[in-house]
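In what follows, a single structure is set out as structure tokens and then discussed.
The values are calculated or read from the model by the stated rules, or taken from the named source; none is laboratory data. Note that the coordinates shown come from a computational prediction; the quantities given were computed from them, not determined experimentally. Note: ideal-geometry Cβ built from the backbone for every residue, glycine included; neighbour counts use all protein chains shown. We work out accessible area using only protein heavy atoms, side chains counted, and drop any ligands, DNA or RNA first. Shrake-Rupley method; radii C 1.70, N 1.55, O 1.52, S 1.80 Å.
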Amino acid sequence: MKEAEMEEEEVLTHLDEFYAKNTSYKRVFSSMCTYPHPIAVKVHHKFIASNLGDPGLFAGTAEIEKRVVRWIGTMLHNPNATGYITTGGTESNIQAIRAARNSIGAKNPNIIVSESAHFSFDKISDLLQVEVRKAELDEEMRADISSVESLIDSNTVALVGIAGTTEFGQIDPIREMSTLAEEHNLFLHVDAAFGGFVIPFLERRYDFDFALSGVTSITSDPHKMGFSTIPAGGLLFREDHHIHHLQTETPYLTRRTQHSLSGTRSGASVAAAYAVMRHLGMKGYKKIVENCMDLTRRLVQRAGEIGIQPIIEPVTNVVVLDVPELNETRERLHKRGWMTSITRKPPGLRLVIMPHITEETLDSFIDDLKRVT
Ligand SMILES: Cc1ncc(COP(=O)(O)O)c(C=O)c1O
């Protein structure tokens, strides 16, 4: 830090230079986050000082968190689910697997995810000293259930199903996984970090949540399709006793125990999530998802008109296109201001159709895609 002080105005102007280097979401197809809803921004600001690491001091914010958990639980067919608002999908996944590992207590624990699992599971392997086994995918990029079953052994503590995969937006066969989990007495964690605020609003019904009796825990993030401020992830357990495996004693705080991974944690993003959920309601989210899905279909159709097909038919608002010269095409798009990403296996141009994408943006993207391919 410099020795001399700087006037507030000067600091703000100085920071504008950095802010200007950030990418606005307008032409971003590579992210699962978006502009937060304006009400979330306002409320985030209002609750900026609340620390849910010491909830006795912020009783009102702690009450809000309980409601957010109940609402997400209700969306996921279990209003009695227990949990808390994490920093995001990574923390939720870590904590869910930690609870599974601690409750089952195998000597050399392993978990089974699919090859399309988010990289947070690689962190989990390292942090929790749990072997992460990766099941093969079927042709539709879903976990192959026979491959999952073949990896189970006496040290397996959890199966993980993904509802809205990071790369393809695909939904694993969670019903079959639920049956397997019950047969083998295993935890079943569903990573719906992205899909949790999408799948309940799709026209087609998918079994992926607590309605399936084998599902033990779910990740569902307000800071992705929930339109809320960062950091806000949802971690929900089917029953109270699951979360007890995460408890630590906190002798000098206002409550005796804590189950979150971080100590000090944002109450602002919890209040923001509550505000946006209260404001939009189920109807508002449905409209947002319908709009994203309409644009997803439009993208597939317009890409088809220029001879480019998706690798799989999109299930959620993620499209992966089979484009020629993938890396060069992506680079040329980047030069025209488009942020896209790629999938690993099979390689394709990955586009997430978040609420910041408009019909106009999409059409202009397709025009550029035609020019560069
Ligand atoms: C399926 C899935 N799980 C977990 C995560 C990690 O979430 P976060 O970046 O909020 O930690 C992501 C991020 O995109 C994801 O798509």
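The table for this structure:
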{"quantity": "Among (1) more than 22 Å from the chain's Cα centre (by Cα); (2) at positive phi; (3) of a type in the set (A, V, I, L, M) - the single one M141 does not satisfy", "calculated": "(1)"}
{"quantity": "Any hit, the stretch 241-252, residues being among the aromatic types (F, W, Y) and surrounded by 17 or more Cβ atoms within 10 Å (Cβ to Cβ)", "calculated": "no"}
{"quantity": "Matching residues, the stretch 70-87, being within 16 Å of the ligand (Cβ to nearest atom) and in contact with an Asp or Glu (Cβ under 6 Å, 6 or more places away or on another chain)", "calculated": "L76, I85"}
{"quantity": "Residues that are of a type in the set (G, A, S), away from the ligand (no atom under 16 Å from the Cβ) and surrounded by fewer than 20 Cβ atoms within 10 Å (Cβ to Cβ), drawn from the stretch 253-270", "calculated": "G263"}
{"quantity": "Given (1) over 22 Å from G196 (Cβ atoms); (2) modelled with pLDDT of 95 or more, number of the condition K345 does not satisfy", "calculated": "(2)"}
{"quantity": "Test for F18: is it in a helix (DSSP H, G or I), over 24 Å from T316 (Cα atoms), away from the ligand (no atom under 16 Å from the Cβ) and not assigned by TED's automatic domain parsing to the domain that holds A211", "calculated": "yes"}
{"quantity": "Residue list for the stretch 196-237, restricted to those being outside any loop (DSSP other than H, G, I, E, B) and away from the ligand (no atom under 14 Å from the Cβ)", "calculated": "P200, F201, L236, F237"}
{"quantity": "Subset of the stretch 332-364 (residues that are within 28 Å of E139 (Cα to Cα) and either open to solvent by 60 Å² or more (accessible area, probe 1.4 Å) or not aliphatic (A, V, I, L, M) (or both))", "calculated": "M339, T340, S341, I342, T343, R344, K345, P346, P347, G348, R350"}
{"quantity": "Residue satisfying condition, being more than 16 Å from the ligand (Cβ to nearest atom) and at pLDDT 95 or above, within set T179, T166", "calculated": "T179"}
